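For reference, the structure discussed in these notes is given below.
The values are calculated or read from the model by the stated rules, or taken from the named source; none is laboratory data. Source: prediction; values computed, not measured. Don't worry about glycine lacking a Cβ; one is built from the backbone with ideal geometry, like all the others, and counts go over all protein chains shown. The accessibility values were calculated without ligands, DNA or RNA, using every heavy atom of the protein model including side chains. Shrake-Rupley method; radii C 1.70, N 1.55, O 1.52, S 1.80 Å.
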Amino acid sequence: MSNEKEQQDMSNAELLHMLYARYFKLVYFSAYSVTKDRELAQDAVQETFLKAYCRIDSLKQQGQIHAWLKAVSRNVAIDMYRKQCREMYSYRLLQDACLGETSVEGAIVDQDFLSGLLSSLKPINRQALLLVYEYGFTYEQLADRQNTSIGAVKSRIHRAKQKLRGMALHMETIVEMPAHLLEAK
């Protein structure tokens with residue numbers, strides 16, 4: 001009996017169980033190679049097989065289940081790793097502020113500076129940056145939300161980052177200029 005015929009005869013639950021039994025190690029090691037964390041890799045495996053279950057009908061027709069599962073597990077692991085890194089960064093900032101390593105006033109000034117930079121962006125680019133970096137959206141989720149392609153989302157984020165970098169560098173050079181030069185202008 002061929003593999004394709006076998007898949008067509010199975011129910012969705014049976015097929016998912018078979019896929020899980022056959023590809024668990026592949027999916028787990030693919031996720032672990034990205035995260036280097038057992039628990040996060042296990043979460044990525046669970047999310048990968050959840051995605052597989054949601055797309056089980058299209059997977060039945062595909063011949064490249066192995067490659068699809070590996071790619072999805074890697075992408076899910078990358079998203080989870082990035083989200084964890086953002087959360088850890090936010091936690092460290094909060095911890096530093098509580099321990100007095102950074103002054104609350106300094107944090108407010110930084111927040112105001114960042115808000116000023118963000119407000120100078122086009123609203124669509126600002127929304128893209130905030131949804132990806134602040135709220136953890138993937139490019140695919142953002143593309144769905146903005147009713148556009150993933151390529152357009154990537155371009156918006158790239159342009160917004162470039163503009164922010166340029167403005168931040170410009171602000172740094174103004175701040176570092178000696179006072180007598182600033183008065184002359």
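The one condition from (1) under 20 Å from Arg82 (Cβ atoms); (2) of a type outside the set (A, V, I, L, M); (3) not in a helix (DSSP H, G or I) that Lys154 does not meet is (3).
Scan the range 157-169 and give yes if some residue there is under 16 Å from the mean Cα position of the chain (by Cα) and at pLDDT 85 or above, otherwise no. Yes, because at least one residue in the range 157-169 is under 16 Å from the mean Cα position of the chain (by Cα) and at pLDDT 85 or above. Against the list (1) modelled with pLDDT of 85 or more; (2) farther than 26 Å from Gly136 by Cβ, the condition Val45 fails is (2).
Among the conditions (1) modelled with pLDDT of 70 or more; (2) of a type outside the set (D, E, K, R); (3) open to solvent by 70 Å² or more (accessible area, probe 1.4 Å), Val104 misses just one, which is (1).
Scanning the range 135-144 for residues that are touching a Lys or Arg at 6+ places or on another chain (Cβ under 8 Å) and not aromatic (Phe, Trp, Tyr) gives a single hit, Gly136.
What about Val153, is it β-branched (Val, Ile, Thr) and modelled with pLDDT under 70? For Val153, the condition - β-branched (Val, Ile, Thr) and modelled with pLDDT under 70 - is not met.
Per-residue answers, yes or no, for (1) within 18 Å of Val132 (Cα to Cα); (2) in a helix (DSSP H, G or I); (3) modelled with pLDDT of 75 or more:
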residue	(1), (2), (3)
Trp68	no, yes, yes
Ile78	yes, yes, yes
Gln84	yes, yes, yes
Glu87	yes, yes, no
Leu94	no, yes, no
